[in-house]
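I have placed the structure first, in the form of structure tokens, so that the comments after it can refer back to it.
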Amino acid sequence: MLNTLVSGLQIVLSPSTFILIFAGTVVGVIFGALPGVSASMAVALALPFAYSMNGVVAIAFLCSVYCASITGGGITAILFKIPGTPSSAPTTFDGYPMAQRGEAGKALGYSLVASAIGGLIAAFAMAIISAPLAAVALKFGPGELFAVAMLGLSVLTCLDNGNVIKTLISGLLGLFLATIGMDPQTGVARFTWGNTTLLSGVEMIPVMIGLFAVTEVLKQTVKRAKKGGGNEMEGVSYKTAIPGVKDFFAVKWVMLRSSVLGTVVGILPGAGATIASFLSYTVEKKVSKYPEKFGTGIPDGIVASECANNAATGGAMVPLLALGIPGGNAAAIMMSALVLKGVQVGPLLVKSQPDYLSSVFGSMLITNIIMVFVALAIAKVFAKILAIPYSILGPVIIMLATIGSFALKNSTGDVVLMVAAGIIGYLFVSLGYSSAALVLGLVLGIMCEENLRRAYQIANGSWSKALNSPITIVLLLVCAAMILFPIIKGALPEKKAKN
Amino acid sequence: MTLDLIFNVVLLIASIYCFIYIGGVDNSTSTELGAAFWPRLILGIMIALLAVGLVNMLRKRDGKAPVSGQAVKEFFKSKLLVGMLICAITALILPMIGFIPTSFLFLVVYGILLGERRPAVLIITGAAATLILYIIFQGPLSIFLPRGYGFFRNFALSMESVIGMIPGL
């Protein structure tokens with residue numbers, strides 16, 4: 001732990017890396033504050049800047065963008081009742097009424113400090129949990145690793161409130177896309193139809209950039225066409241004031257509970273900052289001595305939401321670094337960036353290249369501290385930044401996404417892939433399918449297949465031997481329970497109604 | 001509902017086709033799973049789920065025509081389709097005319113689609129954003145953006161030589 005802290009600080013406090021983290025924090029706060037730019041999109045748009053960096057610096061830079069963008073989302077939620085990122089939606093419940101009462105500065109102060117505390121607690125939790133978890137995972141055989149990857153996918157169906165069948169189809173479609181190209185074990189071409197470009201498989205980065213940037217701009221195009229354009233932002237004058245130590249002491253348990261909850265939710269694959277903030281807000285309302293005051297503009301609501309969504313960022317990095325399974329969309333993008341750099345993501349990473357864990361830890365510590373000051377410093381000009389019309393911002397986002405996809409291999413074919421992914425992604429999301437499940441399927445597909453086939457080979461073609469270890473059985477049973485739970489839950493009210 | 005139904009049917013047909021297609025490359029042995037096993041497993045489950053989804057959709061229809069055509073008509077009249085076409089055309093012309101003209105045209109045309117009507121704003125912001133992106137990526141980040149062919153290639157080369165003259169880039 002102490003070694004991780006020291007080496008993390010050594011990495012991130014070197015002048016060039018610190019400048020990049022600082023720049024990432026500024027960009028992240030601004031991106032996060034802009035409605036229509038989610039945290040995942042912010043990380044996707046930051047990718048082309050990371051191509052020329054080495055892997056350790058790149059992950060530190062992308063982490064700073066990720067953490068800062070989650071925090072930035074809370075600023076517009078408080079000032080304009082427009083959450084910059086979906087995870088800041090619960091912040092509007094109490095942040096906006098507080099701002100309306102003339103306490104916008106105080107609300108911002110609570111939001112920024114709570115974000116920093118949530119992020120710092122999660123960063124320490126990540127540093128403590130990742131190494132032992134990776135050590136345990138190193139003892140896993142292919143059967144167990146297959147079960148772990150399947151667990152990551154099945155958690156999504158359990159957490160998704162929408163259509164379970166559509167979520168499952170989305171995950172399966174992602175797994176299917178990962179099979180396109182040359183079979184790594186036998187060298188057989190699969191679903192290439194004679195096309196040599198497809199032999200190397202579907203590139204993850206253009207698909208992700210398409211899904212998170214192009215799809216979002218298309219969504220905004222439709223939204224603005226319905227609303228008739230215009231800019232929702234109006235200048236708000238306010239003074240940013242950090243509440244006193246006494247004020248924070250009054251919400252200390254809220255901060256602690258929300259940070260722990262956010263970290264745990266962040267660790268679950270697919271359950272990102274949005275679920276963490278909503279869940280934390282609901283829990284705090286339930287355990288509060290004054291639940292009726294929630295929604296009227298109390299600090300507890302802001303702290304619960306902002307602590308949890310920032311804590312989820314640290315949580316999301318735990319399965320990525322320890323198991324090679326991303327804990328969310330932004331983590332999936334970071335994982336593909338690491339793969340691009342030739343880094344073998346998985347349990348061995350923490351042991352063989354501990355610099356990556358140190359770098360993420362150091363970046364999260366520094367980002368969570370400096371983002372408070374960065375956000376306070378640029379708070380005065382937020383109204384002006386937010387006044388940039390979407391007719392300028394939207395097309396610039398797509399051009400940035402275009403560069404990100406092109407720069408991957410200097411291939412315009414990847415730009416076509418990005419646009420196709422964006423268009424299909426729009427249809428996909430608007431029809432109620434889950435893009436998070438698709439991305440997770442795409443990222444975990446190779447891991448699932450390789451380990452299943454290896455387990456079968458080691459067991460000499462016996463299924464009962466391939467998946468017979470107690471850990472595998474337990475994990476697969478948990479997977480089955482998670483997939484069946486929403487189906488049974490959905491069927492229960494119908495039974496009651498019939499009775 | 002209509003679009004959902006079409007999407008489901010298209011996905012189902014494509015899944016069945018892929019399931020049959022990949023069967024042709026099956027190279028399993030008694031101790032090894034072949035290249036077709038995993039895709040067939042995924043596609044098999046997908047086909048079953050898509051069929052269940054399709055049955056659920058048709059059940060919920062309550063006697064209404066499965067394809068009313070209204071949603072399809074609305075889609076063809078929408079800004080969404082125009083937006084999709086602009087993106088697709090941009091991706092296709094990028095290798096032909098290069099980054100600078102493509103970016104400028106895209107920023108102006110998509111800006112109009114998003115409701116910006118002032119020509120001066122469109123031209124100035126389009127040119128400025130293109131130039132900023134070009135200088136950042138072509139200069140310090142050393143990402144060589146597409147040059148295009150013929151006249152456009154010469155134009156891109158002259159721009160690159162201009163950027164090369166700026167100290168520090």
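The values are calculated or read from the model by the stated rules, or taken from the named source; none is laboratory data. Worth saying up front: this structure is predicted, and the values here are computed from it rather than measured. Reconstructed Cβ throughout: ideal geometry from the backbone, glycine too, with neighbour counts over all protein chains shown. Just so you know, the surface numbers come from the protein's heavy atoms only, side chains and all, with ligands and any DNA or RNA stripped out. Shrake-Rupley method; radii C 1.70, N 1.55, O 1.52, S 1.80 Å.
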Computed over chain A, Cα set: Rg, Dmax in Å: 22.2, 71
statement: If each part is reduced to its alpha-carbon centroid, region A:409-442 and region A:45-104 end up apart, in Å, by 23
Burial of 20 Å² or greater, region A:435-468 residues [accessible area, probe 1.4 Å, versus chain by itself]: A:GLU449, A:LEU452, A:ARG453, A:TYR456, A:GLN457, A:ASN460, A:TRP463
query: With springs only between Cα atoms under 10 Å, which of B:SER142, B:SER28, B:SER15 fluctuates most in a Gaussian network model of chain B?
result: B:SER28
- prompt: Mind checking the dipole of chain A: about its Cα centre, +1 per Lys or Arg Cβ, -1 per Asp or Glu Cβ, Debye to the nearest 20?
  reply: 820
message: Given axes a ≥ b ≥ c from the Cα gyration tensor, I'd like to know whether chain B is rounded (a/c under 1.5), prolate (a/b larger than b/c) or oblate.
response: oblate
field: Average accessible surface area per residue within region A:85-198, 1.4 Å rolling probe, Å²
entry: 34
message: Using Cα-Cα distances under 8 Å and only pairs 6 or more residues apart, what relative contact order does region B:78-165 have, in percent?
response: 36
query: Which angle from 0 to 90°, rounded to the nearest 10, does the C-alpha axis of helix A:273-287 make with the longest principal axis of chain A?
result: 60
message: Contact order normalised by length for chain A, with contacts defined as Cα pairs under 8 Å and 6 or more residues apart; what percent is it?
response: 29
query: Roughly how many Å² is the accessible area per residue of region A:360-482, as a whole number, for a 1.4 Å probe?
result: 35
- prompt: Given the pairs A:LYS106/A:LYS223; A:LYS409/B:LYS79; A:LYS166/B:LYS60; A:LYS166/A:LYS286, which are separated by over 27 angstrom at their Cα positions?
  reply: A:LYS106/A:LYS223; A:LYS409/B:LYS79; A:LYS166/A:LYS286
- prompt: Can you list the residues of region B:83-111 whose accessible area drops by at least 40 Å² going from the chain on its own to the full set of protein chains, with a 1.4 Å probe?
  reply: B:MET84, B:CYS87, B:ALA91, B:LEU94, B:PHE106, B:LEU107, B:TYR110
message: Within chain B, what whole-number % of the accessible surface is contributed by carbon and sulfur, with the 1.4 Å probe and all protein chains included in the calculation?
response: 73
query: Put simply, what bits of region B:125-143 lose 50 Å² or more of accessible area when the other protein chains are there, versus the chain on its own (1.4 Å probe)?
result: B:LEU133, B:PHE137, B:LEU141, B:ILE143
field: For region B:78-165, accessible area per residue (1.4 Å probe, heavy atoms of protein chains only), Å²
entry: 48
query: Against the longest principal axis of chain A, how steep is helix A:164-179, in degrees 0 to 90 to the nearest 10, with axes from Cα atoms?
result: 60
- request: Kindly compute the accessible surface that chains A and B hide from a 1.4 Å probe when together, both sides summed, and give it to the nearest 100 Å².
  value: 5300
- request: Per DSSP H run of n ≥ 4, the term is -39500 (n - 2.57); total these for chain A, divide by its residue number, and report the mean residue ellipticity at 222 nm rounded to 500 deg cm²/dmol.
  value: -24500 deg cm²/dmol
Normalised contact order of region A:19-165, rounded percent, pairs of Cα under 8 Å and 6 or more residues apart: 19
statement: GNM of chain B, Cα pairs under 10 angstrom: of B:GLU74, B:GLU116, B:GLU32, the biggest fluctuation goes to B:GLU32
statement: Of every hundred units of 1.4 Å-probe accessible area on region A:336-383, the number belonging to carbon and sulfur atoms, as a percent, is 65
field: Cα-centre dipole for chain B with unit charges at Cβ (Lys and Arg positive, Asp and Glu negative), debye to 20
entry: 600
